[in-house]
Every structure is written in C-alpha cells, then in structure tokens.
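For reference, the structure is listed below as structure tokens.
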Amino acid sequence: MPNKSRKENKLEKIATKATSWIGSLQSLAVHTVLFLGAFALVLFGVPFDTVLLVMTTIVSLEAIYLAIFIQMSVNKASRDIEYIQEDVEEIQEDVDEIQEDVAEIEKDVDEIQVDVAEIEKDVDEIQENVDEIQEDVEADEKEELARDKALMDKIENTLESLMLEIKQIKDKQK
C-alpha cells in the first residue's frame, strides 16, 4: 500500500507539473509551432484530409488529457480548500478561546483595580491610625516626662529638706 501511495504522489506531481506547463506561455508557443508545422505538411505533399484527421485525433486526445488534468487540479484545490477551511475553523476556535480569556483577564483586572483601591483606602486609614497613635504616644511621653520631672523635683526638695534637718540635728548635737 505505501508503494501505491508513493506512486500516486509521483503521478500527482507529474500531473501538477504538466498542468502548470500546459497553462504557460511556453506551451502556447509550442502548440502554435506544432499546429503550423502540421498544416505545413500539406506543402510537402501530405493530403489535407489526412492532416486534418491526424490533427483532429491529436487535438481530441489532448483535450481528454487536459480535461483529466484540469479535474485533478480542481480535486486537489478542493482538498486544499477543505484543509484550509479546517485550519480556519481551528483558528476561529482559538480566537474565540482567546477572546474569552481576554474577557476573563479584563474582569480580573477590574477586580484587582477595585481591590487595589480598597487596599489604598485601608492603607490611608492605617496611616491615619498610626499618626494618631504616634501623637498619643508623644503626648503620653510628654506627660510622663512632666510627671517624672515633677516627681524628681519633689524628691530633690524632700532630700534637701532631709539634709537640712540632718544638718540641724548635727548642729544641735555638737
């Protein structure tokens, strides 16, 4: 079976090349020269009826082969169109999937933007709270320093009083 497939491929290649050549300017020139040459045979003594009979036979056979080559080309083109159509359908499916993915991504981006806005709001609130706490801590530290200073002043005053009393007691004992 693989040999038959290979032969078909070779035959198809030959048919494709023949069809390409037949549709070329070279083929037109060759056919024109052959037809003129055939009619020129009359000048060499070949009867005109014989020339027409041979020409008609050759042209008929050539038309049959041309029709076969053309049909092969049409069949090949149809297969190629089917393959291309399948590829186009697959590409369209891929495009549809990509569009769905893009829509989902857009939705996710919108959700992320909302989340980011909420986070920014939360960060602003946290910053306000931190600022308030900092102010409270600074106020508490100032109050504590003031109390500590007042307490130290009171302790110093008490110590000075005690020292004075101790000195007076010493002076009395002397």
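Each value in this text was obtained by applying a stated rule to the coordinates, not by laboratory testing. As the structure is a prediction and not an experimental result, all values here were calculated from the model. With ideal geometry, Cβ positions are generated from the backbone for all residues, glycine too; neighbour counts draw on all protein chains shown.
Details
- Its DSSP H runs of at least 4 residues, each contributing -39,500 (n - 2.57), put the calculated 222 nm mean residue ellipticity of the chain at -35500 deg cm²/dmol, to the nearest 500.
- Dipole orientation for segment 19-174: of the candidates Val130, Gly23, Ala117, Gly23 has the Cα lying most toward the positive pole (charges on Cβ; Lys, Arg +1; Asp, Glu -1).
- Segment 2-173: proportion of alpha-carbon pairs further apart than 31 angstrom, %: 69 percent
- Take the Cα of Leu28, step 7 Å toward its Cβ, do the same at Leu159, and the gap between the two points is 12.4 nm.
- Length gained when the stretch Asp115-Gln71 is fully extended (0.36 nm per residue, less Cα-Cα span): 9.4 nm
- Span-like helix ranges in the chain, DSSP H, alpha carbon extent 18 angstrom or more, Kyte mean at least 1.6: 25-40
- Under the convention that each Lys and Arg Cβ holds +1 and each Asp and Glu Cβ holds -1, the size of the dipole of the chain around its Cα centre is about 2960 debye.
- Three-way shape label, segment 1-80, alpha-carbon gyration tensor, a/c 1.5: prolate
- Subtracting the Cα-Cα distance of Phe35 and Gln85 from their residue separation scaled by 0.36 nm leaves 13.7 nm.
- Dipole-positive endmost among Ala146, Pro47, Val88 within the chain (Cβ charges, Cα centre): Pro47
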